[in-house]
Each structure stands twice: as C-alpha cells, then as structure tokens.
Amino acid sequence: MYLKSKVSKTYFTIAVFIALAAFDNIIIGLFPPLFKYIAQDLNVGISKLGIVSAVNILFTAVSSVYWGYLSGKFKRKRLIMIGTLIWVVSVFLTAISKSYFQLLLFQIFTGIGLGCIASIGFSILTDYIHYEKRGMVLSLWGMAQGLGGIIGSLLASLTATSHSWRWPFEIVGFIGFLLIFLYFFVEEPSRGQSDPELKELVKKGQSYTYLIETKHITSILWKKSNVFLFLQAFFMNIATGSLIWIPTLFIFKIQQQGYSVETAMIASGYLYAIFQIGGMTSVYFGHLGDRFQKKSYKGRALFTSIFVILTMPFYIWMFNTPMDNLKLPSDSNAIFIFVQLIKQIFINPWMALLFVLSLAASAAQSANTPNWLALITDVNLPEHRGTAFSVANLFNSLGRTIGNLGFGILLGILSNHYQGPNGYAISLSVLQIFLIPSALCYFLMAKKNMSDIHHVKETLRQRSNELEVSHEKNVSKRSKIY
C-alpha cells in the first residue's frame, strides 16, 4: 500500500512539473497575436511591444541562473512556490496595465518569477527520472514547453476577438494560482536519487548531502560538454525563437486571400497549433536517444545533430509555400473556421503540402529538446544541474531574443523591396541558417560527452562509498555509547 502511494505521488509530482513547464511559453506565445490590440489600447507602436516580449524573455533567462544556483542549496519546493507567486501576481498586474511603462514593468517581474520554472523544475524532474528513461520523460517536459507556445497563441487568438486583450492574461493568472495549491501535494525528491551510482545509498535511507558552492560555478561554466551545449542552445534558438512570428506570417497569407483580420487571426492560431503536431514525436526521439546513449555516450549527440540539420530545409520550404485557393467562412465563427481548415488540408493541395512540410519540420525539431535536456543532466553532478541548466537557458533565451530582434531588423530591410507576406517568409528563412552551427555543436561535443559522463559517474561512485563509510562510523559510535 505504501509503495503504491509512493509511486502515485511520484507520478503526480512529475505531472505537475510537466504542466508547469508550459507557462513561460504560454506567456511568450500570448504576445504576438495581441500586439495589434495592445498597441491600439495603450496608444504605442507595435515595435515597442516587441521590446516588451524580448525583455520578458531576457529577464526570465537571467533570473533563472540565480534560481538555479539557489536550487542547489535550498529546499526546491519552497523556492518554486515563491517564484510562481511572483509571476502569477505580475500577470494579473499586466492585465490591468494602463500605460506602456506599467506593461513593461510588470512583464519584467513576470520574467523574474518565471525564471524559477525552468531551472528548479528541471532540477526536481531529473532527480525523479530513472537514468535510462531521461530522454523519453524529459521529452514530455520539453513538449509541454512547445505546447505552451501553441496554447498561448490560441488563447490570444480566440479570446481577444470576442473579449479584451487583458482577458488571456487573467485566465493564465487564475491557472497559476491553482498550481500554487497543487504544490502543497508534490513531494521533493532526494538530490541525485535517480542516478544509478547512488541507488544503494538511497535504498539504505541515506541522503546525498553535497551542495553547490560558489567556487564550483567556474568549473560548471567551462566544462567542455557544457560549453558546446550552451552554444548549441544559443544558435538553435536564434532559428527557432523566430518561429513565434509564424502566426503573423499566416495572418498575412490568409488576408492575401481576401479574408478579414478577425478571420485571419482565428485561422492562423488554429494553423499554428495544427502545424506543430509533429512535435508529438518528441517522446519517440527521446526514447531513441536513450537507446543510442546505451550503446555509446556520444550516441545521443550524433543522433540529434542529424535531425537538427534536417529541420532547416523543411521550415524554409514551408515558409515559402502559398495558401492559394483557401476557402474559409467569412463570419469569423471559430468552430466553422476550424472545421473548414481541417477539410482544406484534405482537399486543397497547397494546404496539404503545408501540413506535410510542417509535420516534417516540427518532428525533426522535436528531437532536439529531450536529448539536449538528457545530455545536460548526464554531464553534470546532481547539485550542479540546476545551475548548468539555468546558464544554458540564459544562452537559449539570448538566442531567442536575438532571433526576434534579428527578424525585426531583416523585416525592416526587406519591407522596402517585398510586399505582403514575402518579407516575413524570407526573414524567417534566413534565420534558419543558424541551425547549421547548432548541429555542428553536437558533432563537436560528442567526444567530450564520453569523458565528462565517465567523470560524473566515477565521482558519484566515490561519494556514495564515502557517505556509506561515514554513516557506518556514526552508527558504530552511537552503538558504543549505548
């Protein structure tokens, strides 16, 4: 009975943290479809709202480094409750913003709170997941992040047309409050309990007592595998970070077919969601990564590099495929638009081609996240994982920020020569070139992974033996006293 209860609590905790992973991307995904409405209400230019989105991403990344460091020293459950409370309150304040300054300020605090999700959530999950299943389970965590962006885009597209732009932020805030309540029922794992080298230690009821120290940060930053993982995340997110502009590209393409902006907004939200279905293969690619890693510690990196490079041609082809002969209801009815879009995928050759290309692109892209997460877990000690991940997440967000800014700059240049959606399609295509150095980082890190993983395993074995000997000595001393 106790074992069943323990297993149930473990699954519940994993489920809560996987759900939590979606929220930073939900908030990022909310903004692009709402830019027009917020700009009109607050009387600012749309370009200024791009800055708000970029600042939120940046503060989320920078704060996650500090949250990650704290996760190696203190109780993580308490930290994540504090962080969630910060971003939930800030999201509600965003919903009542009366000026551009207020919007910017509240999104800065939202980013500070959201920083806890990635670093602390990752740290807790990796201590729960069995070593041989890391890629597969972490794929669910990564998939939740991708799903968050889709949910944010859909939520904004469907509610803003019938309600105020403030409504989506209020909905997200209410859900955030529910998460805080759920945290009371999650169980914080022992640090390092999923590592096989510490299995006997945990079985005997002993704890892995090593904590991060400030002097460890330099070695984390300059570990060879980590350096390549940081750079890989940076280049990958210059390319994929710009993908939040896909709904805007679709809006222009649909309007080009003669539909109103309201119809185009609803349809683009649906299409963005439908065209990310390939991301569901993330679980399978995480499983394959686990299998390759069993054969060789460089297997996961080499396997993932192939799919990162394959992502590029599929996305470029998709961006530049037209939506000719698109047939949609003209009354902005969300249900009828959805039904008609599904029908178009089967009867309109252009929409069918777009669907196939998006399926291939999102599937190839989905191989990256679970295997990248598993690698950064494998090459770092348990007390270092939160910090290593949060630094990597900073590179991730810097890449995403540069991707967004780069998109704006390219679009500004190209808009003088290309009308309608063409400028958007070319700008997005150019940024996919950064997938080449991203894939190269995996090739270069493969050999480094072998030595770094061996070092982590050997260190954990030594520490496990030392802790067991220390425990036996303490037991012996106590028995002599009595």
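So that you can scan it fast, the table gives a plain yes or no per residue for (1) of a type in the set (D, E, K, R); (2) modelled with pLDDT under 90; (3) crowded, with 16+ Cβ neighbours inside 10 Å; (4) touching a Lys or Arg at 6+ places or on another chain (Cβ under 8 Å):
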| site | (1), (2), (3), (4) |
| --- | --- |
| Tyr315 | no, no, yes, no |
| Pro322 | no, yes, no, yes |
| Leu328 | no, yes, yes, no |
| Val339 | no, yes, no, no |
| Leu354 | no, no, yes, no |
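On the given criteria, is Ala264 surrounded by 23 or more Cβ atoms within 10 Å (Cβ to Cβ) and of a type in the set (A, V, I, L, M)?
Answer is yes for this residue.
Checking Pro313 against (1) within 19 Å of Ile254 (Cα to Cα); (2) free of Cβ contacts under 8 Å to residues at least 40 places away in the same chain: exactly one of these is not met. Which one?
Result: Pro313 fails condition (1) only.
Check Phe234 against each of (1) at pLDDT 85 or above; (2) among the aromatic types (Phe, Trp, Tyr); (3) over 24 Å from Ser71 (Cα atoms) and name the one condition it does not meet.
All conditions pass for Phe234, except number (3).
Would you be able to tell me the number of residues in the range 316-328 that are within 32 Å of the chain's Cα centre (by Cα) and over 14 Å from Phe250 (Cβ atoms)? Before the answer, list the steps.
The initial filter retains those residues of the range 316-328 that are within 32 Å of the chain's Cα centre (by Cα), namely 316-323.
Pick out the ones that are also over 14 Å from Phe250 (Cβ atoms) and you get 316-317.
The total comes to 2.
What residue, among those in the range 37-48 that are in contact (Cβ under 8 Å) with a residue 24 or more places away in the chain and in a helix (DSSP H, G or I), is farthest from Thr387 (Cα to Cα)?
Asp41
Do the conditions hold for Ser427, that is, is it assigned to a helix (DSSP H, G or I), more than 20 Å from Met318 (Cα to Cα) and not hydrophobic (A, V, I, L, M, F, W, C)? Let's see the steps before the verdict.
Working: assigned to a helix (DSSP H, G or I): yes; more than 20 Å from Met318 (Cα to Cα): no; not hydrophobic (A, V, I, L, M, F, W, C): yes.
So Ser427 does not fit the description; no.
Considering only the range 329-338, I want to know if a residue exists there that is over 30 Å from Leu375 (Cβ atoms), small (Gly, Ala, Ser) and within 29 Å of the chain's Cα centre (by Cα).
The answer is yes, given that some residue of the range 329-338 is over 30 Å from Leu375 (Cβ atoms), small (Gly, Ala, Ser) and within 29 Å of the chain's Cα centre (by Cα).
Which residue is farthest from His216 (Cα to Cα), if the candidates are limited to the range 62-90 and must be surrounded by fewer than 24 Cβ atoms within 10 Å (Cβ to Cβ) and aromatic (Phe, Trp, Tyr)?
Phe74
Every residue, every condition in (1) crowded, with 18+ Cβ neighbours inside 10 Å; (2) out of contact with any Gly (no Cβ under 9 Å at 6 or more places or on another chain); (3) at pLDDT below 75, yes or no:
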{"residue": "Gln102", "(1), (2), (3)": "no, yes, no"}
{"residue": "Phe109", "(1), (2), (3)": "yes, yes, no"}
{"residue": "Cys116", "(1), (2), (3)": "yes, no, no"}
{"residue": "Leu125", "(1), (2), (3)": "yes, yes, no"}
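Would you say Leu373 is modelled with pLDDT under 90, more than 20 Å from Trp141 (Cβ to Cβ) and not basic (Lys, Arg)?
no
Checking Ile212 against (1) among the β-branched types (Val, Ile, Thr); (2) surrounded by 14 or more Cβ atoms within 10 Å (Cβ to Cβ); (3) closer than 30 Å to Gln462 by Cβ; (4) modelled with pLDDT of 80 or more, which test does it fail?
(4)
Go over the candidates Ser219, Ser190, Ser162 one by one and state the one that is small (Gly, Ala, Ser), modelled with pLDDT of 75 or more and either at positive phi or surrounded by fewer than 19 Cβ atoms within 10 Å (Cβ to Cβ) (or both). Step through it out loud before you land on a result.
Values: Ser190 fails: modelled with pLDDT of 75 or more; Ser162 fails: modelled with pLDDT of 75 or more.
Of the residues listed, the single one that is small (Gly, Ala, Ser), modelled with pLDDT of 75 or more and either at positive phi or surrounded by fewer than 19 Cβ atoms within 10 Å (Cβ to Cβ) (or both) is Ser219.
Within the range 25-52, how many residues turn out to be of a type in the set (S, T, N, Q) and within 13 Å of Phe101 (Cα to Cα)? Steps first, answer last, please.
Restricting attention to the range 25-52, the residues satisfying the condition of being of a type in the set (S, T, N, Q) are 25, 40, 43, 47.
Subsequent filtering for residues that are within 13 Å of Phe101 (Cα to Cα) retains 43.
Final tally of qualifying residues: 1.
Kindly indicate whether Ser464 is among the hydroxyl-bearing types (Ser, Thr, Tyr), over 24 Å from Ser71 (Cα atoms) and either at pLDDT 85 or above or over 19 Å from the mean Cα position of the chain (by Cα) (or both).
Against the criterion (among the hydroxyl-bearing types (Ser, Thr, Tyr), over 24 Å from Ser71 (Cα atoms) and either at pLDDT 85 or above or over 19 Å from the mean Cα position of the chain (by Cα) (or both)), Ser464 does not qualify.
Among the residues of the range 60-97, count how many are of a type in the set (Lys, Arg), without any contact (Cβ under 8 Å) to a residue 24 or more places away in the chain and not in a helix (DSSP H, G or I).
Of all residues in the range 60-97, those of a type in the set (Lys, Arg) come to 73, 75-78.
Applying the additional criterion that residues be without any contact (Cβ under 8 Å) to a residue 24 or more places away in the chain yields 78.
Next, from what is left, pick out any that are not in a helix (DSSP H, G or I): none.
Here the count works out to 0.
Would it be correct to say that Phe285 is more than 30 Å from Leu328 (Cβ to Cβ), without any contact (Cβ under 8 Å) to a residue 60 or more places away in the chain and in a helix (DSSP H, G or I)?
When the stated conditions are applied, Phe285 does not pass them.
The values are calculated or read from the model by the stated rules, or taken from the named source; none is laboratory data. Given the structure is predicted, the values throughout are model-derived calculations rather than measurements. We place every Cβ from the backbone using ideal geometry, glycine too, and count neighbours over all the protein chains shown.
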